[in-house]
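All of the numbers you see were taken from the coordinates with simple rules; none came from a lab. Keep in mind the model is a prediction, meaning the values are calculated, not measured. Because the Cβ atoms are built from the backbone with ideal geometry, glycine has one as well, and the counts that use them run over all protein chains shown.
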Protein chains: 2
Amino acid sequence: MVPTTARTRLRQLDQKGSTEREALDAILDAARVAHVAFTDADAQPFNIPVASARDGDRLLLHGSTGSRMFRTLAAGVPVCASIVLLDGLVLARSAFESSMQYRSAVIFGTPTVINAQQKPEALRRMVEAWMPGRWAELRPPTGRELAATLVVSLLLKEWSVKTSALEPEDPTEDLDAPVWAGVLPIDTNYGSPRPAADLRYSGPVPDYLSGWTIG
Amino acid sequence: MVPTTARTRLRQLDQKGSTEREALDAILDAARVAHVAFTDADAQPFNIPVASARDGDRLLLHGSTGSRMFRTLAAGVPVCASIVLLDGLVLARSAFESSMQYRSAVIFGTPTVINAQQKPEALRRMVEAWMPGRWAELRPPTGRELAATLVVSLLLKEWSVKTSALEPEDPTEDLDAPVWAGVLPIDTNYGSPRPAADLRYSGPVPDYLSGWTIG
């Protein structure tokens, strides 16, 4: 259980909150992207979607050394990373009670740069988080590729999780309204793999793809 | 075409950018949630997922009057709203060339509060953006419900769009690698509607649901 702070304590709809690490990990593992917000010198917020992968107690983010954002992250600014996965629309008998089913996580912290020595292993862990089984089939990164890539790590220390899997919860006086009510699920899945137009390799689609899940 | 500013000019991979409003509108209309970042008095960034609906030249956001975040937004702080829709994993022959297909939008601005007189119509437009055809079937909001709801509007004036639908783009020297390459699509769809456990209405699932799309 993570201790809540003034920033992570949920004030609204507290019954939707979770302080269990398993809940956070499940969301981070199902997501492929985090929205990472930071503030520039003029107090202007920036908020950029970045590929993200959980590795134990940290969230790994990577980008180009040429990226303004990644140079800012590497300088060590406080960030707030936010992720939401949508699971359904809740169609209640009134607009007011209508809502969404979702799983969301918000993480506060200051990223630290992964050094050159640890970078290849961090990249391997990111690839294996997104595409389990694939790293061993790919050639190792070149020195030029490693030099062009910044990897930063955000510790999973101060965070909050909020989820809702609620059905419509209309007050008694609305239950006889002549309107259909229920949940419209939102499904996120991988489709069928499409080979590259320039594919020369004549082997089959790798078995490991069939085990991948998202969302 | 929107003029770019220092904040919205894309510096990385500029060929992925679009300055056409149609591209922005398509992303906002396919999304149901925006990640909205703002900065508190201590320059700490916050970043919260919020249900969002485009209404012409503005993005509408709504929340509870009891929400700390919505009271902050209503006070008129600069925000950066960020949305990403994932379309696929790009499995290249190297980790370095592997990437994702996506559509993303970032919007800068200062939200303004929708006043009490305009609030019912703004809520109608949000519901119709998410659930076209449904508003007319629902009872009108009560005075208490309207009073409990804050609606803010963010003008679509300063924004950037970045999308990628690229296939693997491996350099020639990697094309003979003995590894499968291609795209694994990510599909987001509505599933089959599930009736509420306490549904009393005996009519069919409304026809309008079959026309709804997401993602």
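Descriptive notes on the structure:
- Relative contact order of chain B, pairs being alpha-carbon contacts under 8 Å that are 6 or more residues apart, as %: 26 percent
- Residue with peak Gaussian network fluctuation, chain A [Cα springs, cutoff 10 Å], from A:LEU123, A:LEU175, A:LEU60: A:LEU175
- Test item: Cα-centred dipole of chain A, Lys/Arg +1 and Asp/Glu -1 on Cβ, debye: 1200 debye
- Acute angle (nearest 10 degrees) that the helix A:21-30 long axis makes with the longest principal axis of chain A, alpha-carbon atoms: 70 degrees
- In order along the stretch A:131-138, the phi-based Karplus estimate (6.51 cos²θ - 1.76 cosθ + 1.60, θ = phi - 60°) of 3J(HN,Hα) comes to 9, x, x, 7, 3, 5, 8, 8 Hz; Gly and Pro are listed as x.
- Which of B:SER160, B:TRP212, B:ALA116, positive extreme of dipole for chain B (C-beta unit charges): B:ALA116
- Residues whose amide H comes within less than 5 Å of that of B:VAL33, counting only those at least five positions distant or on another chain, are B:SER52 (H built at 1.01 Å from N in the peptide plane).
- Label point 7 Å beyond Cα along the C-beta direction, distances from B:PRO78 to other copies (nm, shortest first): 1.7
- Label-to-label distance for B:ASN115 and A:ALA165 is 4.5 nm, based on points extended 7 Å past Cα in the beta-carbon direction.
- In order through the stretch B:52-64: 3J(HN,Hα) via Karplus (6.51 cos²θ - 1.76 cosθ + 1.60), integer Hz, x for Gly, Pro: 9, 9, 7, 10, x, 8, 9, 9, 9, 10, 9, x, 7
- Relative to the other identical copies, B:LEU155 shows label-point distances of 4.3 nm, where the label point lies 7 Å from Cα along the Cβ direction and values run shortest first.
- Among residues other than B:GLN117 with Cβ under 15 Å from its Cβ, the summed charge is +2 (Lys and Arg +1, Asp and Glu -1).
- For A:GLN101, distant residues with modelled amide H under 5 Å away: A:ASP87, A:GLY88, A:LEU89, A:VAL90
- A:ILE114 long-range amide H proximity, modeled H, under 5 Å: A:VAL151, A:VAL152, A:SER153
- Cβ neighbours within 10 Å from other chains - mean over A:97-106: 3
- Starting from the label point of B:THR65 at 7 Å along Cα→Cβ, the same points in the other copies fall at 5.5 nm, in ascending order.
- Highest average packing first - A:101-109, B:96-104, Cβ atoms within 10 Å: A:101-109, B:96-104
- The stretch B:50-169 - charge dipole about Cα centre, Lys and Arg +1 at Cβ, Asp and Glu -1, debye rounded to 20: 520 debye
- Against the rule of thumb 2.2 N^0.38 Å, how large the Cα Rg of the protein assembly as shown comes out: 1.00
- Once you reduce the stretch B:187-215 and the stretch B:48-115 to the center of their Cα atoms, the two points are 26 Å from each other.
- When the pairs B:LYS119/B:LYS157; A:LYS119/A:LYS157; A:LYS157/B:LYS162 are compared against a 26 Å limit on Cα-Cα distance, A:LYS157/B:LYS162 fall above it.
- Pairwise FRET efficiency - A:ALA147 versus B:GLU22, Cβ, R0 = 35 Å, nearest 0.05: 0.35
- Magnitude of the charge dipole for the protein assembly as shown, about its Cα centre and with charges confined to Cβ atoms of Lys, Arg (+1) and Asp, Glu (-1), is about 1020 debye.
- Reduced Cα scattering model of chain A, Debye log10 I(q)/I(0), q = 0.18 Å⁻¹: -1.32
- Cα-based helix-to-principal-axis angle, B:119-130 vs chain B, degrees rounded to 10: 40 degrees
- For A:TYR201, the shell of other residues with beta-carbons less than 9 Å away shows a net charge of +1, using +1 for Lys and Arg and -1 for Asp and Glu.
- Dipole orientation for the stretch B:18-91: of the candidates B:GLY88, B:THR72, B:ALA37, B:THR72 has the Cα lying most toward the positive pole (charges on Cβ; Lys, Arg +1; Asp, Glu -1).
- 9 Å beta-carbon shell around B:ILE186, net charge (K/R +1, D/E -1): -1
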